Amino acid sequence: MAVTDPAPVALPAPHDGATREAAACDSAVHEGILRRQGARESAARTYARSLPIVPVRARGLTIEGADGRRYLDCLSGAGTLALGHNHPVVLEAIRKVLDSGAPLHVLDLATPVKDAFTTELFRTLPPALADRARIQFCGPAGTDAVEAALKLVRTATGRSGLLAFTGAYHGMTAGALEASGGAQDVRVTRLPYPQDYRCPFGIGGPRGAELAARWTTSLLDDTKSGVPRPAGMILEPVQGEGGVIPAPDAWLRRMRSITEQRSIPLIADEVQTGVGRTGAFWAVDHSGVVPDVMVLSKAVGGSLPLAVVVYHEDLDVWSPGAHAGTFRGNQLAMAAGAATLAYVRENQLDRRAAELGTRIIGQLRQLAKEFACIGDVRGRGLMIGVELVDPAQTAAAPFAVGSDSLSDDPLLGDCAAPPLPAAPALAAAVRDACLDRGLIVELGGRHSSVVRLLPPLTLTDEQATAVVDRLTDALAAVAEAHGR
Ligand code: PMP
């Protein structure tokens, strides 16, 4: 398929004084910026701690730092950049709005740009939802759209409880919600998310997923389970921050039928999995599941901040102003988002992500045979994780970091051998070794022991090879240094 990254390695020539000056920055400037950041920014800063770089220019997969070093960016703004940095169709869409004289910020008023975005978005949704969908534009972060989704289903059902899953990540605003006047009584029942490698039931595969589903029905149907009928169930079709864990399609369909039969709205949080990332336009498309609510952000804004919740019209019973916010009308983000959605759809980048993801995961699984410190390689499409374990330790209970082996217990004869303990220090060493080799990756997972790859969907075959080569080299160096 003929999808070309506009400039796989070469960055555009600087076109004005400011960028020329940036390009000429030397390492003293770079160091100075990092030093001032360390002195002035919050102790809560995140990515900046593990990625001490000062990006000044970027194109496609490549970022150039103020010190002139270039990096292959497999973090992609935490999965935001479906088309990589500064893709021409995104830049053109932004310029068109700027040149048109349109207002850049209009609260939630109707505009041609917003109309075009909504039309394009609805075109991509599962048809059974699109035909009867409503959209709420939210404050421009995934977490605000999650808040909106929860509020929506609570209002529509008159119930307050929520079903959510182990390992889930939906954003950072729960504290803010609870601290606000009129806070709801947030009751979350935590259900087991199916996973093969660290299956809580010790068996993984379809049987592990089936046990997870049975636990869900048991809690809902046992009148003495202590779980009142909830307002909704929220899930990620592939857990991202939780360690790149794809839910089996059959399990997702089970969750759909369990919730449907009990009139519980199903919320799919596709903030990270959306827009082709997992090898289908929306990750729910793999299973054919049609959720009642979809939470969308990151790539839907085409690299600019945008978050929406789309949902079945029957749920649309909340009041005007029920989920307000000033910044819900970012015209540049809507234009960039519409251009991105259309480009992914027209060029079938979801299929490309599926193909490339299968290839990369296959290569990394080969590598796992060579390095005992690679416990598991998993993912879907271009959402890929490599879990680091410590082979020097004995096998442990599913989530233990230290050793606490249950494997000799005769009652557990049916269970697979427990995986080795997670190795967060090795994972951090791999991330640092990748950066030294010009590859940006981040960590995720329960113990920050999963090296995550979220490259743009425009990744070329050559770039994919370069990414795997650099990661391999980094893994080899860390394995050797740690005798693993
Ligand atoms: N949901 C999921 C699945 C996410 O991965 C994230 C962010 N990583 C969020 C919600 C929150 O999005 P934001 O950081 O934009 O608030």
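The values are calculated or read from the model by the stated rules, or taken from the named source; none is laboratory data. Computed from a predicted structure; not experimentally measured. Don't worry about glycine lacking a Cβ; one is built from the backbone with ideal geometry, like all the others, and counts go over all protein chains shown.
Which is free of Cβ contacts under 8 Å to residues at least 12 places away in the same chain and away from the ligand (no atom under 16 Å from the Cβ), of 287, 257?
Being free of Cβ contacts under 8 Å to residues at least 12 places away in the same chain and away from the ligand (no atom under 16 Å from the Cβ) holds for just one of 287, 257, which is 257.
Which condition number in (1) aromatic (Phe, Trp, Tyr); (2) touching a strand residue (DSSP E or B) at 6+ places or on another chain (Cβ under 7 Å); (3) buried (at least 18 other Cβ atoms within 10 Å of the Cβ) is the one that residue 215 fails?
Unmet for residue 215, out of (1) aromatic (Phe, Trp, Tyr); (2) touching a strand residue (DSSP E or B) at 6+ places or on another chain (Cβ under 7 Å); (3) buried (at least 18 other Cβ atoms within 10 Å of the Cβ): (3).
Given the condition within 16 Å of the ligand (Cβ to nearest atom) and either surrounded by fewer than 21 Cβ atoms within 10 Å (Cβ to Cβ) or under 15 Å from residue 343 (Cβ atoms) (or both), answer yes or no: does some residue in the range 81-89 qualify?
Yes, the range 81-89 contains a residue that is within 16 Å of the ligand (Cβ to nearest atom) and either surrounded by fewer than 21 Cβ atoms within 10 Å (Cβ to Cβ) or under 15 Å from residue 343 (Cβ atoms) (or both).
For residues in the range 131-169 being over 29 Å from residue 217 (Cβ atoms) and more than 16 Å from the ligand (Cβ to nearest atom), which is surrounded by the fewest Cβ atoms within 10 Å (Cβ to Cβ)?
Looking at residues that are over 29 Å from residue 217 (Cβ atoms) and more than 16 Å from the ligand (Cβ to nearest atom), I get 131.
Please give the number of the condition residue 187 fails out of (1) within 26 Å of residue 153 (Cβ to Cβ); (2) of a type in the set (Lys, Arg); (3) at pLDDT 85 or above.
(3)
Check the range 255-272 and report whether any residue there is farther than 17 Å from residue 153 by Cβ and within 14 Å of the chain's Cα centre (by Cα).
Within the range 255-272, one or more residues are farther than 17 Å from residue 153 by Cβ and within 14 Å of the chain's Cα centre (by Cα).
Criterion first (within 13 Å of the ligand (Cβ to nearest atom) and out of contact with any Phe, Trp or Tyr (no Cβ under 6 Å at 6 or more places or on another chain)) does residue 273 satisfy it?
The answer is yes for residue 273.
Which residue, of 342, 335, is within 29 Å of residue 94 (Cα to Cα) and either surrounded by 23 or more Cβ atoms within 10 Å (Cβ to Cβ) or of a type in the set (Lys, Arg) (or both)?
Every option except 335 fails the conditions.
Give the range 203-253 a look and list any residue that's in contact (Cβ under 8 Å) with a residue 40 or more places away in the chain, away from the ligand (no atom under 16 Å from the Cβ) and among the polar types (S, T, N, Q), or say none.
Answer for the range 203-253, where residues must be in contact (Cβ under 8 Å) with a residue 40 or more places away in the chain, away from the ligand (no atom under 16 Å from the Cβ) and among the polar types (S, T, N, Q): 216, 217.
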